[in-house]
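The values are calculated or read from the model by the stated rules, or taken from the named source; none is laboratory data. Note that this is a predicted model, so its numbers are computed, not measured. Every residue, glycine as well, gets a Cβ built from its backbone with ideal geometry; the counts of neighbours run over all protein chains shown. Keep in mind that these areas ignore ligands, DNA and RNA; they rest on the heavy atoms of the full protein, side chains included. Shrake-Rupley method; radii C 1.70, N 1.55, O 1.52, S 1.80 Å.
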Amino acid sequence: MTTLTGPPKASFRLSMLLSDTRYRSYTFQFIALMLLIAAIAFLGSNLMRNLAAAGLNISYQFLGSPAGYDINQTLVEYTSQSTNAKAALVGILNTLLVAFLACVTATVLGVIAGVLRLSNNWLVSKLMSFYVEIFRNIPVLIWIIIIFTIMIAVLPGPRAFRGDEPSASMVFDAIAFTNRGVYIPAPVWGPGSIVVVITFLLSVVGVFAYRRYATKLLYDTGRLLPMGWPSLAIFFVPALLAYLVMGMPIGLEYPELKGFNFSGGIKVGGPLIALWFALSIYTGAFIAENVRAGIQAISKGQSEAAGALGLRQGRIRNLVVLPQALRVIIPPLISQYLNITKNSSLAIAVGYADITATLGGITLNQTGRAIECVLLLMLFYLTISLSISAVMNVYNNSVKLKER
């Protein structure tokens, strides 16, 4: 009886690192890694030699020194006597604020414009095409300056709200649009307000959970649950009941004109508004093209098949077209979110105190610690960019096609 056996395994030889395809890629990667480490080591040693020759060193003790300058818009308590580290924290929070607001607004604008570009209405589609071509072909810095200039020139000053017959008035006696910014009511948190906030956040999670369940039920059984009114009920009813049960613990502090300016409420500064709107409308034009491309990548036969089954156009768009289009839209959308975050560094053009203006601007000039400040700036933008990419890639993996 003959026993079939495989060929004997060859022993490993060093020449196989280049001749054997099983090991060749690892060899080249190892060589590239060594070259990269050598280049970084050379640059680092060269930097340390130059610093030593100039009698300098790398030190981050300046972060504990008083900053000595004011910041016009802060999310945390800050004074001119706060440390440079606190000033950098304020700049980081301001950067994250405008990046988050611009990402949300740009996404909404981009989705709406991208869908309307494919509208059968000639006027609507051409208007959206005009928006896309105009805004994405003019640098975002110009839009920032244009919006900021319009705010200063068009909106009234605080003194226009003064007098028995003022030339300007507050909207609903609660919101004041001025050339210094927009003043809106500020929430006043009373005892039990944390319960209301937690209930509201759980309601938001509940809306997504219900819509996910309804979609899964439709795909599995064909049973169609209503989406609109249950989502609104889950969103509003629990938080409203918690608000009433806890004795209405959340109030509002309205802005009031006192002296030469408004006091109370929340001030949304003109630089923040200009930067926010400019980044939103500029990046929204790019997102609109991503959305249009994603929708057009879906075969018309699928929409026609869904229509033959009796689905309405809204259901076809939400259940057939958009879920598949997301697989095309999400990858370039990640790049647009990264562009928004990095383009926020243009805030210095209108005096908005982001991380580039605080740590990379005033703090750098006052302390002379250019290398330290630039390294911290690079670390921040690298960290936030990698974080955005990681989160969006997780979502991208959840919507991409699952192969067997």
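Across region 92-104, rounded Karplus estimates of 3J(HN,Hα) from the backbone phi angles (6.51 cos²θ - 1.76 cosθ + 1.60, θ = phi - 60°) give 5, 5, 5, 5, 5, 4, 5, 5, 5, 4, 5, 5, 5 Hz, Gly and Pro being marked x. Approximating the spin labels as points 7 Å out from Cα along Cα→Cβ, the residue 123-to-residue 83 distance works out to 6.1 nm.
Just how large is the dipole of the chain about the Cα centre, in debye to the nearest 20, putting +1 at every Lys and Arg Cβ and -1 at every Asp and Glu Cβ? List each step's numbers first, then the result.
On the way: 29 positive and 15 negative charges, 329 e Å.
Value, rounded to 20: 1580 debye.
Classify region 70-225 as rounded, prolate or oblate from the Cα gyration tensor: take a ≥ b ≥ c as the square roots of its eigenvalues, call it rounded if a/c is under 1.5, otherwise prolate when a/b beats b/c and oblate if not. Judged from the Cα gyration tensor, region 70-225 comes out oblate (a/c at least 1.5, b/c at or above a/b). Over region 282-393, the hull volume per residue, using the convex hull of the C-alpha atoms, is 104 Å³. The number of Lys pairs in the chain with C-alpha atoms less than 29 Å apart, excluding pairs fewer than 8 positions apart on the same chain, is 11.
Calculated on the Cα set of region 222-346, radius of gyration then Dmax: 22.2, 67 Å.
Available extension along the chain between residue 42 and residue 387 is 121.3 nm, counting 0.36 nm per residue and deducting the alpha carbon span. Of the residues 261, 79, 309, the one whose Cα sits farthest towards the positive end of the charge dipole of the chain is 309 (charges of +1 on Lys and Arg Cβ, -1 on Asp and Glu Cβ, taken about the Cα centre).
Annotation: per residue accessible area for region 42-138 equals 58 Å², rounded to a whole number [probe 1.4 Å, protein chains only]. Using only alpha-carbon positions in region 21-115, the gyration tensor eigenvalues give semi-axes of 39, 33, 9 Å once each is multiplied by 5 and square-rooted (largest first). Accessible surface for residue 77 stands near 150 Å², nearest 10, in the context of the full protein assembly shown (1.4 Å probe).
Along the axis of the charge dipole computed for region 290-404 (Cβ charges of +1 for Lys and Arg, -1 for Asp and Glu, origin at the Cα centre), the listed residues 338, 362, 297 are led at the positive end by 297. Taking packing as the residue-averaged number of other Cβ atoms within 10 angstrom, the listed peptides 246-255, 221-230 run from highest to lowest as 246-255, 221-230. Here the accessible area of the chain is 67 percent carbon and sulfur, with a 1.4 angstrom probe and all protein chains present. Summing +1 for each Lys or Arg and -1 for each Asp or Glu, what net charge is found among the other residues whose Cβ lies under 14 Å from the Cβ of residue 63? Taking every other residue near residue 63 into account, the sum is +1.
Accessible surface calculations at 1.4 Å, restricted to protein heavy atoms, place region 193-303 at 57 Å² per residue. Per-residue ellipticity at 222 nm, computed for the chain from helices alone with -39500 (n - 2.57) per DSSP H run of at least four residues, works out to -20500 deg cm²/dmol. Annotation for residue 25 and residue 327: the two label points, set 7 Å from Cα along the Cα-Cβ direction, are 2.3 nm apart. Would you tell me the accessible area of residue 262, worked out with a 1.4 angstrom probe on the heavy atoms of the protein chains, in Å² to the nearest 10? Counting only protein heavy atoms, the figure is 20 Å².
With a 1.4 Å probe and all protein chains kept in place, how do 173, 220 rank by accessible area, largest first? If you can, show how the numbers build up before the last one.
Details: 173 125, 220 100 Å².
Output order, biggest surface exposure first: 173, 220.
Between residue 302 and residue 130, residue separation times 0.36 nm minus the direct Cα-Cα distance comes to 59.0 nm. Solvent-accessible surface (1.4 Å probe) assigned to residue 355 amounts to roughly 0 Å².
Over all pairs of different C-alpha atoms in the chain, the reciprocal of the mean inverse distance, the Kirkwood hydrodynamic radius, equals 26.5 Å.
Averaged per residue, region 326-378 has 39 square angstrom of accessible surface, using a 1.4 angstrom probe with ligands and nucleic acids left out.
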